[in-house]
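Q: For reference, the structure I am asking about is given below.
The values are calculated or read from the model by the stated rules, or taken from the named source; none is laboratory data. Nothing here was measured: the structure is a model prediction, and the numbers come from that model. For neighbour counting, all protein chains shown are included, and Cβ atoms are generated from backbone atoms with ideal geometry for every residue, glycine included. Ligands, DNA and RNA are excluded from the accessible area calculation, which covers all protein heavy atoms including side chains. Shrake-Rupley method; radii C 1.70, N 1.55, O 1.52, S 1.80 Å.
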Amino acid sequence: MQNDTIAAIATPPGSGGIGVIRVSGPEAFALAQPLLRQPGGCTGIPPSHLLTYGQIVDPSTEEIVDEVLVAFMSAPRTYTREDVVEIQGHGGPLVLQRILRLVLAQGARMANPGEFTLRAFLNGRLDLAQAEAVMDLIDAQTEAGQRLAMQQLRGRVSTQVQEARQSILGVVARIEASIDFPEEDVPTPQPEELRPLITIARRQVDALLSGSEQGRLYRQGLRTTIIGRPNVGKSSLLNALLRSERAIVTPIAGTTRDTVEEVVNLRGIPLHLIDTAGITPGGDPVEQMGVERSRRAAESADVVLLVFDGAEPLSGQDRQVSEELKAMGFGGSADTTLQASMVRGTLRPVVVVINKADRERHVEIGEVHRMWPGAPFVVTSTLTGQGLPELEETVANLVLAGKTLHSESVLVTSARHQESLRHAAEHLRASLVSLERGLPLDFVSIDLRAAYDALGEITGETASDDLLDKIFSEFCIGK
Ligand code: GDP
């Protein structure tokens, strides 16, 4: 248990109906109690885990600062497993700041980002994967992302990781017993006994890894850049996709200056749609800057929607845009799915959109096919809405490759967890190789231990202080 008491405003900045100040630590009750004036002249600590009505009073001036509801919650049945006080005041920034200042003046320390959740982790209420799920739950962009975060918070990911760790530990124990106590007649385990046991652990790790690309998409979303020469209908397409989608998530603030970025919910995956100024060579310096930004947007995209104007023949500009995209590693082939391109580092997928289908067609479709062999094609009109559902379907298939998410799905969604799983899988593979080659069991055991530790980084048992600092510093203050 930590020995100081921390405090912070736990609700977001700005005005709201109510705002909450959270206090946690051994002195939480003693610090908060003198600030609270209870009705009927009651003094003392209010009953635990119940809301108490009262006023927050500045003890030095007797001024009433706010009318509040306060919850005193005794350890250990609290978020941090410490004594916690939550003061619900009126949700104005000045009011909340004043209450916080009073709490700090009583001797509390201002909490660091994520420190409440860090304490929950350090006091054993949550493991590391669960603590990270708190942030994912708060930041979830779609319901699917929220559900996956909730499963992780409930410990479903951790349970599977711990099962794999236990499998590994079982093998390590057998090997090490025979090494440590040879004189006590502990028989040396035979490779054929160990192999199936290691294979079980390997399957458990592989199972977690196999869903992790999909999981990451649900959490991070998919960067989808709309590219094409000017006037083909890129902005219209962005707007049409936004309109056709009932569940718009959130426009991302601050990204609308050069390229427009919006988020739509594509079957639970946050699709970050980026409309660009179009990659067109030449032009004045201002235009050039726009071109540069489009290039950057394309370079960082997971998927590109390449738009052509179906009512006009292909132009030199159209061809140039295509060439640039190919040079960046975009392409189409029968098995180009996003999963494949992420896992194997193959071509990044392009979806070709032939727009303005409501007008007479002048583009030569055969030529576009030859230019982008294997890439999926969709014919659209942003004016009539033709082809838009097919376009969404095409992108969804590319991404999900037929896999669907149900409400009880448990997927690894974090890149950090994925990395640790990869390390664990590599060490398990290496241990099998050592076994195969008949190397001394020490060698097998070293890799098994490394795999065990790699998995422990996910749940936190083997996480370094630096790693903990990094993870919790990404939280907001008050979480
Ligand atoms: P951008 O420069 O590629 O972003 O193209 P815009 O979205 O600004 O569209 C260029 C012009 O094409 C505008 O006048 C649009 O109204 C028009 N436009 C866009 N999509 C369609 C379409 O599907 N059919 C028709 N007929 N016109 C379209």
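Q: Straight-line reach from Lys479: which aspartates and glutamates fall under 14 Å, measuring Cα to Cα and dropping same-chain residues less than 8 apart?
A: Glu86, Glu115, Glu132, Asp136, Asp139
Q: While we're looking at this one, here's another question. Take the Cβ-Cβ distance between Leu383 and Glu292 as r, set R0 to 45 Å, and report the resulting FRET efficiency rounded to the nearest 0.05.
A: Numbers: r = 31 Å, r/R0 = 0.68.
Once the sixth-power term is evaluated, E becomes 0.90.
Q: Which values of log₁₀ I(q)/I(0), to two decimal places, follow from the Debye formula for the stretch 387-460 at q = 0.16 Å⁻¹ with a uniform point scatterer at every Cα?
A: Each listed q maps to, in turn, -0.72.
Q: Figure the gain on full extension for Asp469 and Leu197 (residue separation times 0.36 nm, minus the Cα-Cα span) and round it to one decimal in nm. Please report the intermediate quantities before stating the final value.
A: Working: separation 272, 0.36 × 272 = 97.92 nm, distance 3.54 nm.
Fully extending the segment from Asp469 to Leu197 adds 94.4 nm.
Q: Please give, to one decimal in nm, the separation of the simple spin-label points placed at Leu51 and Lys403, each 7 Å out from Cα toward the Cβ.
A: 4.2
Q: If I take all pairs of Cα atoms in the stretch 328-479, what percentage of them are more than 23 Å from each other?
A: Numbers: 7195 of 11476 pairs.
The calculated P(r) of the stretch 328-479 puts 63 percent of pairs beyond 23 Å.
Q: Here is a further query. Sorted by average packing, counted as other Cβ atoms within 10 angstrom per residue and highest first, what order do 77-88, 361-372, 201-212 take? Provide the component values of the computation, followed by the final result.
A: Working: 77-88: 22.5, 361-372: 14.2, 201-212: 19.3.
Per-residue mean Cβ counts within 10 Å order the peptides as 77-88, 201-212, 361-372.
Q: I want to check the label-to-label distance for Gln166 and His362. Put each point 7 Å from Cα in the C-beta direction and report it in nm to one decimal.
A: Once both label points are built, they end up 7.0 nm from each other.
Q: If packing is taken as the average count of other Cβ atoms within 10 Å, what order do 99-109, 30-40 fall into, highest mean first? Let's see the in-between values first.
A: On the way: 99-109: 18.9, 30-40: 16.5.
Peptide ranking by packing, descending: 99-109, 30-40.
Q: Starting from the eigenvalues of the Cα gyration tensor, five times each then square-rooted, give me the equivalent ellipsoid semi-axes of the stretch 1-54, largest first, whole Å.
A: On the way: eigenvalues 84, 69, 16 Å².
Each semi-axis is the square root of five times an eigenvalue, giving 20, 19, 9 Å.
Q: Rounded to the nearest 500 deg cm²/dmol, what is the calculated helix-only ellipticity per residue at 222 nm for the chain, with -39500 (n - 2.57) per DSSP H run of length n ≥ 4?
A: Details: 17 runs with 218 residues, N = 479.
For the chain, the value works out to -14500 deg cm²/dmol.
Q: What is the distance, in nm, between label points placed 7 Å from the Cα along the Cα-to-Cβ direction at Leu439 and at Asp180?
A: 2.2
Q: Something else: Calculate the translational D of the chain in whole µm² s⁻¹ from Stokes-Einstein, where the hydrodynamic radius comes from the Kirkwood formula applied to all Cα pairs, the temperature is 4 °C and the viscosity 1.567 mPa s. Display every interim value, and only then the final one.
A: Working: Rh = 26.4 Å.
Result for D is 49 µm²/s.
Q: How large a share of the accessible area of the stretch 373-479, in percent, is made up of carbon and sulfur atoms when the probe is 1.4 Å and the other protein chains stay in place?
A: Accessible surface attributable to carbon and sulfur in the stretch 373-479 totals 54 percent.
Q: Determine how many Å³ per residue the convex hull of the Cα atoms of the stretch 141-236 encloses.
A: Working: hull volume 13.7 nm³, N = 96.
It comes to 142 Å³ per residue, whole-number rounded.
Q: Starting with the highest mean, order 167-177, 229-239 by the number of other Cβ atoms within 10 Å, averaged over the residues of each peptide.
A: By packing density, highest mean first, the sequence is 229-239, 167-177.
Q: Moving on. Which residues among the stretch 1-33 fall inside the zone where the amide N is under 17 Å from a point 7 Å beyond the Cα of Leu137, along Cα→Cβ?
A: Zone members listed by number: 10-12.
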